[in-house]
Structure formats: C-alpha cells, structure tokens
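J.: Starting off with a structure, shown below.
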Amino acid sequence: MGFSEPKEAKAEEEQLVKDLQAGKTESFERLATLFQKKIYALSFNLTRNAMDSEDVTQEVLLTLFKKIHTFQGKSAFSSWVYRITLNATYMKLRSRKKDQSISIEELLPSFNGSGFQQEKIQDWSENTESLLFDNETRETIQKAVDLLPDKEKIVFLLRDVEGLSTEKVGEILELTVPAVKSRLHRARLFLRKKLANYFEEYKVRKETK
Amino acid sequence: MICCKECLELLHDYLEGDLQPEVSTSLEEHFEDCPPCIAFVNTYKSTTHLCKTTLNSTEIPDIVKERLKEFVDKNKNA
C-alpha cells in the first residue's frame, strides 16, 4: 500500500500528489487512507501511547494537506511523509521525555584478548516462534525496543520493522549507507542481548517449575 | 583464521550478502568450528524476526480510524 514499492502503487501515489497539488481535494482522502496506518504505527512504536499516536497522525495528515505545495519531489513522497511523521513524533516526545535509554555499549558482545567471545552463548532461536503470541514475550520485546537509544531505534524501526531499503532509510534520515548499516547492526546486537537475557531466564523458570 | 570479534562485526554485511566471496567463506569456515558463533548468528536472526513480527502488528483501533475519517472529511472541505 502507501509505502510499498510496486510500480502501480508508486504511480498512483504520484498522481494523487499531483492532483492534490492542483487543488483536487478528493485525492487527500485517498492519500490519507494509504498512509495513515504507517504514520500511526511508526508513531506508536516510538511513543507507545495511543493518544499521542492519534494526535501525530492527525497532525501529519493535516500537514500533508496544507503543505503539499512545498513538496518538490526531490525525494520520494513517502520519505517526505516519514520525515514529517518523525518530526511530529519527536515534538510529542520532547514535551515529556524522561531519558530512559541505556548505554548501548553495555550490551554489545564482549571478547577476550584473542577476539573470542567471552560469554557463554545459548541458542534459543529454535524455541521462540511459539512464544510470539505470549503476552509476556511481546511486552519484553516492546520494552527492549523502547530502551534503544533514539539514533539506533529509528533506523531499526524503518529498516527492520517497516522493511525499507538501507538507501531509503538513509534518504529519510539524511545518513550515509554505512551509517545506516552500523546503527542497524548495533540496534540488533542490543536487542539480541536483551532477548537473550529474557529467553535464558524463561528457560530456567520453566525447568524449575 | 578470523576471530569471533571480526565475524560478529561483519555479521550484518554477511547476512545482507554484501561481503566479498572470500570474506564470506572465511566467516563460514570460522562458524564451522565455533558453536558459540552459530548460536549468536541464529539468535541474531531470530531477534530481527521476533521484533519485526511483534511491532508490525500495530493496527489503528477502529474508533481511531473513524475519528481520522471525520478529521479528513472536515479538513478536506474546509
């Protein structure tokens, strides 16, 4: 839909933007339908607050409508929408931000002098699928993502959750491709460690039951 | 022989297929003899999958959809 890349969808999107720029207000409704879920979901994954996400979605839709003439087509329309969504969401967060993210370094892998892993690494990847629908697991995953530092979090949400390409994420965030890759890798390492702690503890809990 | 540290630093590019073939091969040779790294790679991949599936399930509640529709209609005709 709105943010996917197939040609027809893109052509429709471009036409809708042109129509709206030409004053055909009917196309606003269609654009809103195409984009509102993505706007809401991104905002919700950043704020974890339904009311804030609704406010942000309204603000972004209104900005699209009122500022459509300022969109010059230098980047993809969806990149423009993402940027407006991020700005609106960060404004919301700023008003009541308590810094709860923790240092990413603490959770990166550790190595001995010869570059071998120091920790005992358990492989819990086999048993997690069935836990996906478990509320506790979902909450743990959401909390882990909430704890990511902002710079890594947004790259992770756009690249891994939204499924955008590395290049597109770079365009939206004005980052180089290597910078996107490095932030994504750090985010994944951080989350892996958080989930490892959880699944290893989960296993012990089950075994001692 | 490359060490765990180098392998894990290259892991993102390895999984994306962005490495030179000979570098990929040396990672795979390391993995053959290193169960901790295999466990790491499996759980790294799993992490991405689990987080994606969990966070992608965010939907707009129906009541919010209705309010957004009203909002759009109102502004469209303003």
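J.: Can you tell me which of A:Leu108, A:Leu64 is at pLDDT below 95 and outside the structural domain of A:Leu42 (by TED's automatic domain parsing)? Give the steps one after another, and end with the answer.
T.: Details: A:Leu64 fails: outside the structural domain of A:Leu42 (by TED's automatic domain parsing).
On inspection, the qualifying residue turns out to be A:Leu108.
J.: Answer with yes or no whether B:Lys76 is within 8 Å of chain A (Cβ to nearest Cβ) and closer than 25 Å to A:Asn112 by Cα. Lay out the reasoning, then the answer.
T.: Details: within 8 Å of chain A (Cβ to nearest Cβ): yes; closer than 25 Å to A:Asn112 by Cα: no.
For B:Lys76, the condition - within 8 Å of chain A (Cβ to nearest Cβ) and closer than 25 Å to A:Asn112 by Cα - is not met.
J.: Do any helices (runs of 4 or more DSSP H) entirely within segment A:118-209 hold 3 or more residues that are at the interface with another protein chain (Cβ under 10 Å from one of its Cβ atoms) and touching a residue at least 12 places away in the same chain (Cβ under 8 Å), and if so, which? Don't jump to the end; show me each part of the working.
T.: On the way: elements: A:135-147, A:150-156, A:166-173, A:177-207.
Fully inside segment A:118-209 and qualifying: A:135-147, A:177-207.
J.: Would you say B:Glu66 is more than 10 Å from chain A (Cβ to nearest Cβ), surrounded by fewer than 17 Cβ atoms within 10 Å (Cβ to Cβ) and assigned to a helix (DSSP H, G or I)? Before you say what the answer is, go through the steps one by one.
T.: Numbers: more than 10 Å from chain A (Cβ to nearest Cβ): yes; surrounded by fewer than 17 Cβ atoms within 10 Å (Cβ to Cβ): yes; assigned to a helix (DSSP H, G or I): yes.
Considered against the rule, which asks whether it is more than 10 Å from chain A (Cβ to nearest Cβ), surrounded by fewer than 17 Cβ atoms within 10 Å (Cβ to Cβ) and assigned to a helix (DSSP H, G or I), B:Glu66 comes out as yes.
J.: With the requirement that a residue be over 14 Å from the mean Cα position of the chain (by Cα) and acidic (Asp, Glu), what does segment B:2-16 give you? Before you say what the answer is, go through the steps one by one.
T.: Filtering segment B:2-16 down to residues over 14 Å from the mean Cα position of the chain (by Cα) leaves B:2-10.
Passing the criteria: B:Glu6, B:Glu9.
J.: Just to be sure, is A:Leu86 assigned by TED's automatic domain parsing to the domain that holds A:Leu20, under 15 Å from the mean Cα position of the chain (by Cα), assigned to a helix (DSSP H, G or I) and at pLDDT 95 or above? Before you say what the answer is, go through the steps one by one.
T.: Numbers: assigned by TED's automatic domain parsing to the domain that holds A:Leu20: yes; under 15 Å from the mean Cα position of the chain (by Cα): yes; assigned to a helix (DSSP H, G or I): yes; at pLDDT 95 or above: yes.
So A:Leu86 passes the test.
J.: Here is a check on your reading of the model: is A:Glu12 outside any loop (DSSP other than H, G, I, E, B), within 21 Å of B:Leu68 (Cβ to Cβ), of a type outside the set (A, V, I, L, M) and modelled with pLDDT of 95 or more?
T.: Numbers: outside any loop (DSSP other than H, G, I, E, B): yes; within 21 Å of B:Leu68 (Cβ to Cβ): yes; of a type outside the set (A, V, I, L, M): yes; modelled with pLDDT of 95 or more: no.
Criteria not met by A:Glu12.
J.: Taking the residues in segment A:36-75 that are hydrophobic (A, V, I, L, M, F, W, C) and more than 11 Å from chain B (Cβ to nearest Cβ) as candidates, determine which candidate is surrounded by the fewest Cβ atoms within 10 Å (Cβ to Cβ).
T.: Result: A:Phe71.
J.: Take A:Glu59 and decide whether it is within 25 Å of A:Leu148 (Cβ to Cβ), at pLDDT 90 or above and in contact with a Pro (Cβ under 9 Å, 6 or more places away or on another chain). Write out each step before concluding.
T.: Numbers: within 25 Å of A:Leu148 (Cβ to Cβ): yes; at pLDDT 90 or above: yes; in contact with a Pro (Cβ under 9 Å, 6 or more places away or on another chain): no.
For A:Glu59, the condition - within 25 Å of A:Leu148 (Cβ to Cβ), at pLDDT 90 or above and in contact with a Pro (Cβ under 9 Å, 6 or more places away or on another chain) - is not met.
J.: Of these, B:Leu8, B:Leu15, B:Leu50, which one is assigned to a helix (DSSP H, G or I) and more than 8 Å from chain A (Cβ to nearest Cβ)? I'd like the intermediate steps shown before the answer.
T.: On the way: B:Leu8 fails: more than 8 Å from chain A (Cβ to nearest Cβ); B:Leu50 fails: more than 8 Å from chain A (Cβ to nearest Cβ).
One residue alone meets the criteria, B:Leu15.
J.: Using the structure shown, decide if A:Thr128 is hydroxyl-bearing (Ser, Thr, Tyr) and either surrounded by 13 or more Cβ atoms within 10 Å (Cβ to Cβ) or closer than 30 Å to A:Asp55 by Cβ (or both).
T.: Numbers: hydroxyl-bearing (Ser, Thr, Tyr): yes; either surrounded by 13 or more Cβ atoms within 10 Å (Cβ to Cβ) or closer than 30 Å to A:Asp55 by Cβ (or both): yes.
Yes.
Conditions (1) over 25 Å from A:Gln58 (Cα atoms); (2) over 21 Å from the mean Cα position of the chain (by Cα); (3) at pLDDT 90 or above, marked per residue:
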position	(1), (2), (3)
B:Asp18	yes, no, yes
B:His30	yes, yes, yes
B:Pro36	yes, no, yes
B:Lys45	yes, no, yes
B:Thr58	no, no, no
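The values are calculated or read from the model by the stated rules, or taken from the named source; none is laboratory data. Quantities reported herein were computed from a predicted structural model and do not represent experimental measurements. As a convention, Cβ positions derive from the backbone with ideal geometry for all residues, glycine included, and neighbour counts pool all protein chains shown.
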